[in-house]
1. Restricting to region 35-48, name every residue that is modelled with pLDDT of 90 or more and either assigned to a loop (DSSP other than H, G, I, E, B) or within 16 Å of ligand 1 (Cβ to nearest atom) (or both).
2. Which members of region 130-141 meet the condition of being modelled with pLDDT of 90 or more and either in a loop (DSSP other than H, G, I, E, B) or surrounded by fewer than 16 Cβ atoms within 10 Å (Cβ to Cβ) (or both)?
3. Sort out which residues of region 81-120 are within 17 Å of residue 50 (Cβ to Cβ), assigned to a strand (DSSP E or B) and within 20 Å of the chain's Cα centre (by Cα), and write them in order of number.
4. Out of 57, 24, 32, I need the residue that is within 16 Å of ligand 1 (Cβ to nearest atom), surrounded by fewer than 13 Cβ atoms within 10 Å (Cβ to Cβ) and either farther than 26 Å from residue 165 by Cβ or at pLDDT 85 or above (or both). Which one?
5. Can you confirm whether residue 66 is within 16 Å of ligand 1 (Cβ to nearest atom) and either part of a strand (DSSP E or B) or touching a strand residue (DSSP E or B) at 6+ places or on another chain (Cβ under 7 Å) (or both)?
6. Quick one: in region 148-169, which of the residues that are at pLDDT below 90 and surrounded by 14 or more Cβ atoms within 10 Å (Cβ to Cβ) is nearest to the chain's Cα centre (by Cα)?
7. Please specify each residue of region 60-98 satisfying the condition of being touching a helix residue (DSSP H, G or I) at 6+ places or on another chain (Cβ under 8 Å) and loosely packed, with under 15 Cβ neighbours inside 10 Å.
Ligand SMILES: [Ca+2]
Ligand SMILES: [Ca+2]
């Protein structure tokens, strides 16, 4: 919004008027999906027309009409609710030779010209669920030299039989530690940690083919820098 004042003047009179100009939002953002790909699994006996697969979600950073969008897909196997992003099967898939289907999902905004965002949906068709993904260690212990500033990566966790479907997740957020859900790499911002402080957290590994997640514990101990050097010398 801009406010301006306009003057008009002849030899005798001078008049002015204030104007307010509203600048409409420019549609410079495409709807963006929260994830670049989504993995879902279905037990084969459930693959019937109308079966609820899962939900995708996108956001558009524009305003007004430029922010509004609808979901759609060209897949003949899937229907997506244009408003909610909920995905349903349109047919029985048990006849398929593959145990896996993939589809592209789009979100098209109402701006002129409009913008399109996209994501990928992978759906695994299973005869039964697999066992839970077990971590290589029941407990991981990490030492952090204090003082330490900024966000640092300090290690990683891994399951015994890694596959590209496993997702790692912290069971609680403490605002210090974060985990890469795909690689299991750990990072933290330890600027508030003092020597001898320690953090204990639980991490889950989800293979979406499994009913129950794998679980491990990480313990992070803050060690004084000199102490560590001393230990190394010994
Ligand atoms: Ca937009
Ligand atoms: Ca905009």
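1. Those that are modelled with pLDDT of 90 or more and either assigned to a loop (DSSP other than H, G, I, E, B) or within 16 Å of ligand 1 (Cβ to nearest atom) (or both): 35, 36.
2. Of all residues in region 130-141, those modelled with pLDDT of 90 or more come to 134-141.
Answer for region 130-141, where residues must be modelled with pLDDT of 90 or more and either in a loop (DSSP other than H, G, I, E, B) or surrounded by fewer than 16 Cβ atoms within 10 Å (Cβ to Cβ) (or both): 134, 136, 137, 138, 139, 141.
3. 86, 87, 103
4. Values: 57 fails: surrounded by fewer than 13 Cβ atoms within 10 Å (Cβ to Cβ); 32 fails: surrounded by fewer than 13 Cβ atoms within 10 Å (Cβ to Cβ).
Residue meeting the stated conditions: 24.
5. Working: within 16 Å of ligand 1 (Cβ to nearest atom): yes; either part of a strand (DSSP E or B) or touching a strand residue (DSSP E or B) at 6+ places or on another chain (Cβ under 7 Å) (or both): yes.
So residue 66 passes the test.
6. Result: 167.
7. The answer is 61, 94.
Conditions tested, residue by residue: (1) more than 16 Å from ligand 2 (Cβ to nearest atom); (2) assigned by TED's automatic domain parsing to the domain that holds residue 108; (3) farther than 30 Å from residue 123 by Cβ.
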| residue | (1), (2), (3) |
| --- | --- |
| 6 | yes, no, yes |
| 13 | yes, no, yes |
| 19 | yes, no, yes |
| 26 | no, no, yes |
| 36 | yes, yes, no |
| 40 | yes, yes, no |
| 53 | yes, yes, no |
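The values are calculated or read from the model by the stated rules, or taken from the named source; none is laboratory data. Remember, predicted model here, so these are calculated numbers, not experimental data. For neighbour counting, all protein chains shown are included, and Cβ atoms are generated from backbone atoms with ideal geometry for every residue, glycine included.
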